[in-house]
1. Name the single residue that is nearest to LYS7 (Cα to Cα) among those in the range 46-83 being of a type in the set (Asp, Glu) and modelled with pLDDT of 90 or more.
2. Need the failing condition index for ILE20 against (1) touching a residue at least 40 places away in the same chain (Cβ under 8 Å); (2) touching an Asp or Glu at 6+ places or on another chain (Cβ under 6 Å), just the number.
3. Condition test on GLU86, is it of a type in the set (D, E, K, R), at pLDDT 90 or above and either touching a Cys at 6+ places or on another chain (Cβ under 8 Å) or loosely packed, with under 10 Cβ neighbours inside 10 Å (or both)?
4. Could you go through the range 2-11 and let me know if any residue there is farther than 22 Å from SER79 by Cβ, in contact (Cβ under 8 Å) with a residue 60 or more places away in the chain and among the basic types (Lys, Arg).
Amino acid sequence: MIKLRLKRLGYKKNPSYRIIAIDSRSKREGAPVEELGYYNPKTKEMKLNVERARVRLSQGAQASETVMYLINNANEDGSLNYKKSEKTKLSKKAQAKLEEERKAKEAEQQAAEAAAQEAETSAEA
């Protein structure tokens, strides 16, 4: 059976992977049937021949969980559709500061609204 999986390259603590089609009985670094692309998890750089990967899947190849994720999130050109989370974890002190700023803005808005209403009432009289 053919499997789509990652072949590890790179040196210690700096992995990069090739996305390959390989016989399921072969070793991780064994000779592949076909190379479909590469993936660098540190830089989120990827180049994948999505068309060939889908052909292999339609022929009955089994994809590993990671490779299936990469195929599903690949753009048409084969790059990874990766969106970095825009939320950042803040310390309690920073969260408190942001909360104070938000409350100050709300207070300013309420004061401005009250002044506008006061001006309206004085203009009517």
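The values are calculated or read from the model by the stated rules, or taken from the named source; none is laboratory data. Keep in mind the model is a prediction, meaning the values are calculated, not measured. Backbone-built Cβ (ideal geometry, glycine too); neighbour counts: all protein chains shown.
1. Filtering the range 46-83 for residues of a type in the set (Asp, Glu) gives 51, 65, 76-77.
Add one more test, that the residue is modelled with pLDDT of 90 or more, and what stays is 51, 65.
Values: GLU51: 20, GLU65: 14 Å.
Only one residue fits best here, namely GLU65.
2. Only one criterion in (1) touching a residue at least 40 places away in the same chain (Cβ under 8 Å); (2) touching an Asp or Glu at 6+ places or on another chain (Cβ under 6 Å) is unmet by ILE20, namely (1).
3. Details: of a type in the set (D, E, K, R): yes; at pLDDT 90 or above: no; either touching a Cys at 6+ places or on another chain (Cβ under 8 Å) or loosely packed, with under 10 Cβ neighbours inside 10 Å (or both): yes.
Considered against the rule, which asks whether it is of a type in the set (D, E, K, R), at pLDDT 90 or above and either touching a Cys at 6+ places or on another chain (Cβ under 8 Å) or loosely packed, with under 10 Cβ neighbours inside 10 Å (or both), GLU86 comes out as no.
4. First, the residues of the range 2-11 that are farther than 22 Å from SER79 by Cβ: 2-3, 11.
With the extra rule that they be in contact (Cβ under 8 Å) with a residue 60 or more places away in the chain, the set shrinks to 2-3.
Next, from what is left, pick out any that are among the basic types (Lys, Arg): 3.
Yes, the range 2-11 contains at least one residue that is farther than 22 Å from SER79 by Cβ, in contact (Cβ under 8 Å) with a residue 60 or more places away in the chain and among the basic types (Lys, Arg).
Each row is one residue, and each column tells you yes or no for (1) in the same structural domain as ASN40 (by TED's automatic domain parsing); (2) β-branched (Val, Ile, Thr); (3) free of Cβ contacts under 8 Å to residues at least 24 places away in the same chain; (4) farther than 30 Å from ARG25 by Cβ.
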position: SER58; (1), (2), (3), (4): yes, no, yes, no
position: ALA63; (1), (2), (3), (4): yes, no, no, no
position: ASP77; (1), (2), (3), (4): no, no, yes, yes
position: GLU99; (1), (2), (3), (4): no, no, yes, yes
position: LYS103; (1), (2), (3), (4): no, no, yes, yes
position: GLU108; (1), (2), (3), (4): no, no, yes, yes
position: GLN117; (1), (2), (3), (4): no, no, yes, yes
position: GLU120; (1), (2), (3), (4): no, no, yes, yes
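Per-residue answers, yes or no, for (1) touching a helix residue (DSSP H, G or I) at 6+ places or on another chain (Cβ under 9 Å); (2) loosely packed, with under 15 Cβ neighbours inside 10 Å:
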residue: ILE2; (1), (2): yes, no
residue: LEU6; (1), (2): yes, no
residue: LYS13; (1), (2): no, yes
residue: SER24; (1), (2): no, yes
residue: PRO32; (1), (2): no, no
residue: TYR38; (1), (2): no, no
residue: MET46; (1), (2): yes, no
residue: SER58; (1), (2): no, yes
residue: LEU70; (1), (2): yes, no
